[in-house]
Amino acid sequence: MRATLLFASLTVCGAVLLTAGASGAGPLNENGVRDAAQGIEKVLRKREKGARPEPAKIGDREFAYIRANLISTFYHEFAHALIDRLDLPVYGQEEDAADVLAVVMLDYQFGGAVVEEIAYLTAEGFRDEALEREDSGHDWIWADVHGPEWQRYYNFVCLYYGRYPERRRQFAEDTKLPVERAETCEDESALARRSWGAVLDRIKGTGDADGTIVFESRVRKGLHQRSAEVIRGEVERLNRFYTLPSLLRVTVRRCGQDSPLSAFYTSGRSRITICTEYISDLNRRAQAASDL
Ligand SMILES: [Zn+2]
């Protein structure tokens, strides 16, 4: 589902979880709304400061978490771009189809211990989102274009496990994939590869062109810059293997505190945007996990 935005349409993907609770909004007094707004601003600035990247404090484990979830999100957005640019039919929710490509691409692009680490940390990312919602006390918004977080988690785990069930039995155990679901994962994975594999075959490139995917970054330092380099690496990797029918731009930039989005695809402009707020949010989650 897309929201019309003037001449471009936006594929809505994920929310930055900056939930300013009532207790953090500042007291209402004679000055009413203005003070409340200032209170919210203050809280947001404080949170932004708290989430501000401090490279020296980011350990390998934390950055691996950020990297893995950025990569999976980028391939999710790449699916939206392919659906749009290739005019693909989608029989079901587009968001689900995008999640399926993201897991298929992991085995296309990575191997061995690298893909395993990305898979574990991506599953952890879905799980963290699900747990955050549970902790917040907010119910899932059933009208949302995405499936509920726990379902996205199990779909991801199932499709990754189903590619090599023998080799990935430990992964299924560690991620608590129920036996009943595990039984169908090999077939689900085969269908996912058959469906998206045919699409990827269509865009297989020679690798000798300049590349049909253009990377742009508006960040210059710290964790945001380091994370942008991860996306740059994936763009270069895609350009080596695939040629799109028209240019696709990939941008890493600040989306603004009012933006509820973490990453999105804009079809009218053929552009994937990864928000730096999302990177900060991943950092916050990674730091919280390492505190446990
Ligand atoms: Zn999406």
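Values in this text are rule-based calculations from the coordinates and carry no lab data. The shown structure was predicted, so the numbers you read here are calculated from the model rather than taken from an experiment. Glycine also receives a Cβ, built like all others from the backbone with ideal geometry; neighbour counts cover every protein chain displayed.
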By average C-beta atoms within 10 angstrom, highest first, the peptides 141-151, 249-259: 249-259, 141-151
List the residues, sorted by chain then number, that are 5 or more residues from Y242 or on another chain and whose placed amide H is less than 5 Å from its amide H. G205
For a footprinting-style exposure proxy, rank S227, S270, S262 by other Cβ within 10 Å, fewest first. S270, S262, S227
Can you give me the long-range amide H partners of L261? Hydrogens built in the peptide plane at 1.01 Å from N, cutoff under 5 Å, separation of 5 or more residues or another chain. V16
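What list do you get for D107, D174, D210 if you sort them by fewest beta carbons within 10 Å? All intermediate terms of the calculation are to be shown ahead of the outcome.
Working: D107 16, D174 12, D210 6.
If I rank by nearby Cβ atoms, fewest first, I get D210, D174, D107.
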Please turn the phi angles of the stretch 244-250 into ³J(HN,Hα) values with the Karplus equation 6.51 cos²θ - 1.76 cosθ + 1.60 (θ = phi - 60°), one per residue in order, whole Hz, x for glycine and proline. 8, x, 8, 5, 10, 9, 10
Karplus ³J(HN,Hα) for the stretch 262-275 (6.51 cos²θ - 1.76 cosθ + 1.60, θ = phi - 60°; Hz, whole; x = Gly/Pro) runs 9, 7, 7, 10, 10, 6, x, 10, 6, 9, 9, 10, 10, 7
Residue-ordered couplings for the stretch 218-226, obtained by feeding phi - 60° into the Karplus form 6.51 cos²θ - 1.76 cosθ + 1.60 and rounding to whole Hz (Gly and Pro as x), are 10, 10, 10, 8, x, 4, 4, 5, 4
